[in-house]
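Remarks on the structure that follows.
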Amino acid sequence: MASIKDVAREAGVSIATVSRMLANKGYISDDTRQKVQTAVDKLGYRPNRVAQRLREQQSRILALIVSDIQNPFFGQLCRAVENFAQKRGLCVFVCNTDEDSGREQHYLELMAQEQVAGIIISPSSKGSQQLEALQKSKIPVVTVDRRASDQFDSVLIDNTESAQKLTLRVLAGGYRRIAAIVGANSFTASERLSGIEAALATAGLKPHKILTTPAFEPEGQAAMESLLDDADPPDAVICSSALLATGAYRAIHQRNIQVPETLGFACFDDPPWATFIRPGLTVIQQPAALIGETAAELLMKRIEQPDRSPSLIRLQGKLIERGSLR
C-alpha cells in the first residue's frame, strides 16, 4: 500500500506539500497540485482518515470508562483496548465509576475538557442523558457491555439468548425452584433477567424469587444469605455477574451447602475462582478481549466516519459446564 512518502517522491515534492494538497489547506500552484494528483492516481494512494482526524484533534488519547474495575470482565476488556491502542501509538486513560452516575458525569466532563480522541464506556443507568449531553463536544463514543441508546455504537453479548441457554441448562438438572440475583439499574442485568424468565416460561415456571441489588460482592453475599434463610429456599440460583456470584458463593461455602446436590449454582462472567472450587462453576463466559478489541475498532471507524449510522454488534456468550449443576 502506497504511503504519503511514496506520493511525495513520485510527484517530486515534499511530504508537507502533499499533506496540504490533500487537506486542501494553504496555497499550492495548479502545476504542483496536478503533479500530486497524478502521483496519487498512479499509486492508488488512500489517505488514512483516522490518522488525519487524530492529527486534527491534536489528541492521541482514548478514554476507557468502566463501571467496576474489580470485575475480571472489565480487567480483560481494558487489556484488549490498551493493546489495540498501543499498536497504533495511542494512550488510554482508564476511569472507574463504581456504578456512580456522579463520578461518571465527572469523568465525561473531564474527558471533554481534555478533548480526548474518543471514549469507550460501560454506561450507568443514567448514562444515556450524560452521553447525549457530551455529543456537543463531538467526541466519538462507543458503549460496551451496556447500551445507553441507539445513538451510539455499542458492543454487547447476546444477553437474553445466553441467559436462556444457561437457564435451560439449570432446568435440565431437574431444578425447579430457581432464584435469580441480578444487578440493580443495569441494562445488561435486565436483559439477562428477561432471558431467565423466558426460559422458565417454556417449562411453565416463574422465578422462585428475584433479588435485585447493587452488583458488588457484599451485596451478593447478603442476597444469597437472604435466599438461604427463607422458609422456602430455592434449589438453584443464577447470578447476573461475577461479583454478585463471588459474594453469593461465599455464603454457600460458609454454610457448607452441597453444590450441586442441595443447591445448583451458575452465573454470568467467568471469575478466576470458577475453576479452583470443587465442583467447578458453570458459567456463561463473555468474550471480554474480543468485546474490547471490537469496541476499539468501532471507535476508529467512528473517528474516520463521524456521520455514519450507529452500529450495534452482539457477540456470542459461551456456556461452560464445570459441575455446579446436576
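Just one of the numbered conditions (1) polar (S, T, N, Q); (2) touching a residue at least 60 places away in the same chain (Cβ under 8 Å); (3) outside any strand (DSSP E or B) is not true of Ser154; which one?
Status for Ser154: all satisfied but (3).
If I filter the range 83-100 down to residues being out of contact with any helix residue (DSSP H, G or I) (no Cβ under 7 Å at 6 or more places or on another chain) and in a helix (DSSP H, G or I), which single residue comes out as modelled with the lowest pLDDT?
By that ranking, first place goes to Gln86.
Any chance the range 24-39 includes a residue that's at pLDDT below 90, touching a Pro at 6+ places or on another chain (Cβ under 9 Å) and not aromatic (Phe, Trp, Tyr)?
Taking every residue of the range 24-39 in turn, none turns out to be at pLDDT below 90, touching a Pro at 6+ places or on another chain (Cβ under 9 Å) and not aromatic (Phe, Trp, Tyr).
I'm trying to understand the selection: among the residues of the range 107-122, which are part of a helix (DSSP H, G or I) and out of contact with any Lys or Arg (no Cβ under 9 Å at 6 or more places or on another chain)?
Tyr107, Leu108, Glu109, Leu110, Met111, Gln113, Glu114
Okay, residues lined up against (1) among the polar types (S, T, N, Q); (2) assigned to a helix (DSSP H, G or I); (3) touching a residue at least 40 places away in the same chain (Cβ under 8 Å):
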{"site": "Ala179", "(1), (2), (3)": "no, no, yes"}
{"site": "Arg192", "(1), (2), (3)": "no, yes, yes"}
{"site": "Gly204", "(1), (2), (3)": "no, no, no"}
{"site": "Ala223", "(1), (2), (3)": "no, yes, yes"}
{"site": "Ala248", "(1), (2), (3)": "no, yes, yes"}
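Asp270 versus (1) assigned to a loop (DSSP other than H, G, I, E, B); (2) touching a Gly at 6+ places or on another chain (Cβ under 8 Å): which is the lone unmet condition?
If we test Asp270 against (1) assigned to a loop (DSSP other than H, G, I, E, B); (2) touching a Gly at 6+ places or on another chain (Cβ under 8 Å), just (2) comes out false.
Run Val94 past the list (1) among the β-branched types (Val, Ile, Thr); (2) surrounded by fewer than 22 Cβ atoms within 10 Å (Cβ to Cβ); (3) closer than 21 Å to Ile313 by Cα and report the number of the one that doesn't hold.
(3)
The values are calculated or read from the model by the stated rules, or taken from the named source; none is laboratory data. Since the structure is predicted, the reported quantities are computational estimates derived from the model, not experimental observations. For neighbour counting, all protein chains shown are included, and Cβ atoms are generated from backbone atoms with ideal geometry for every residue, glycine included.
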